[in-house]
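Asker: If you scroll down you'll find the structure; I have some questions about it.
The values are calculated or read from the model by the stated rules, or taken from the named source; none is laboratory data. This structure is a prediction, so every number in the text was calculated from the model and none was measured. Heads up, the Cβs are rebuilt from the backbone with ideal geometry, glycines too, and the neighbour counts pull from every protein chain shown. For accessibility, only protein heavy atoms count, side chains too; no ligands or nucleic acids. Shrake-Rupley method; radii C 1.70, N 1.55, O 1.52, S 1.80 Å.
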Amino acid sequence: MAVLASGGGSNLQAIFEYLDALGAHRDGDVVLVASDRAGAGALERARVRDVETAHLARPADGGALAALLEERAIDVVVLAGYLRLVPDAVVRRYRGRMVNVHPALLPAFGGAGMYGHRVHEAVLAAGARVSGATVHFVTEEYDRGAIIAQWPVPVFEEDATETLAARVLRVEHLLLPRVVELLAAELLALDDDGRVRGAFLAGAPGDAFTLGDATAMAAGIEAALTR
Ligand code: GRF
């Protein structure tokens, strides 16, 4: 698996730690971390683990990115806070094998320019009472691919972008690694008609607002994923 990231890499770290916890039961390993930013914290997290890193000096160069991935026989690509549009040729090559995490409940609050705090500012400005995280397949357009999994969090009256972002990020760290593992295990796929086959996670009655500790939330997500 390869992870593309532009920022600090806390989602990458969550994937590393989840796969560690699975141990011999994991179905894949992150063997490459690439970034469009030479100074991205995500690259440093990879180096600490002796995972190969790459700086994408020309992120729009589909040929260079495709070669980087194919030379390492990459099966699954994860966008974890990667802010660039993936070139069409690479999207086509990895259709149904590339996923992204977005810090809101798509299709709302997504699209070009909607990343980082801008997303949470928009959620608060809209007066939404629920937000959350979405993991979806990647297409040629930002945040438009088939939705695989979503998990809701409440938006509190006193929330600022930082507090909401932190609450959503906790859920991202629980959701993304589990979806990545299912994809690596081929328990999740995208049909030719664009439908998600396998796990499809949505909050079920009683799931919403389970803002307990991470273990409780993880248990809720695990249960829902394997329902
Ligand atoms: C996450 O909130 C992700 O949803 C968004 O960018 C942020 C990246 O955080 N696309 P990190 O680099 O994984 O800490």
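Asker: What tally of residues in segment 4-46 results from selecting those that are away from the ligand (no atom under 11 Å from the Cβ), farther than 17 Å from Asp75 by Cα and surrounded by 23 or more Cβ atoms within 10 Å (Cβ to Cβ)?
Answerer: Here the count works out to 1.
Asker: While we're on this one: Identify the single condition in (1) at pLDDT below 90; (2) part of a strand (DSSP E or B) that Gly220 does not satisfy, given that it satisfies every other one.
Answerer: (2)
Asker: Still on this structure: Working only within segment 62-91, note down all residues that are farther than 18 Å from Leu43 by Cβ, away from the ligand (no atom under 16 Å from the Cβ) and in contact (Cβ under 8 Å) with a residue 24 or more places away in the chain.
Answerer: Gly62, Gly63, Ala66, Asp75, Val76, Pro87, Asp88, Ala89, Val90, Val91, listed by residue number.
Asker: A further question follows. Just one of (1) over 15 Å from Ser6 (Cβ atoms); (2) more than 11 Å from the ligand (Cβ to nearest atom); (3) out of contact with any Pro (no Cβ under 9 Å at 6 or more places or on another chain); (4) modelled with pLDDT of 95 or more trips up Arg144, so point out which.
Answerer: (3)
Asker: Would you confirm whether or not segment 59-71 contains a residue that is touching a helix residue (DSSP H, G or I) at 6+ places or on another chain (Cβ under 8 Å) and closer than 22 Å to Ala218 by Cβ?
Answerer: no
Conditions tested, residue by residue: (1) over 19 Å from Leu79 (Cα atoms); (2) within 14 Å of the ligand (Cβ to nearest atom); (3) of a type outside the set (Val, Ile, Thr); (4) assigned to a helix (DSSP H, G or I).
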| position | (1), (2), (3), (4) |
| --- | --- |
| Thr134 | no, yes, no, no |
| Glu140 | no, no, yes, no |
| Trp151 | no, yes, yes, no |
| Glu157 | yes, no, yes, no |
| Arg170 | no, yes, yes, yes |
| Leu183 | no, no, yes, yes |
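Asker: I'd like to check which strands (runs of 3 or more DSSP E) are fully inside segment 1-94 and have at least 3 residues that are within 14 Å of the chain's Cα centre (by Cα) and closer than 30 Å to Asp192 by Cβ.
Answerer: Here the list reads 2-4, 77-79.
Asker: Just checking, which of Gly116, Gly111 is open to solvent by 10 Å² or more (accessible area, probe 1.4 Å), more than 12 Å from the ligand (Cβ to nearest atom) and either at pLDDT below 95 or not aliphatic (A, V, I, L, M) (or both)?
Answerer: Sole residue among the options that is open to solvent by 10 Å² or more (accessible area, probe 1.4 Å), more than 12 Å from the ligand (Cβ to nearest atom) and either at pLDDT below 95 or not aliphatic (A, V, I, L, M) (or both): Gly111.
Asker: What do you reckon, is Ala104 farther than 23 Å from Gly8 by Cα and surrounded by 13 or more Cβ atoms within 10 Å (Cβ to Cβ)? Give the derivation first.
Answerer: Working: farther than 23 Å from Gly8 by Cα: no; surrounded by 13 or more Cβ atoms within 10 Å (Cβ to Cβ): yes.
It is false that Ala104 is farther than 23 Å from Gly8 by Cα and surrounded by 13 or more Cβ atoms within 10 Å (Cβ to Cβ).
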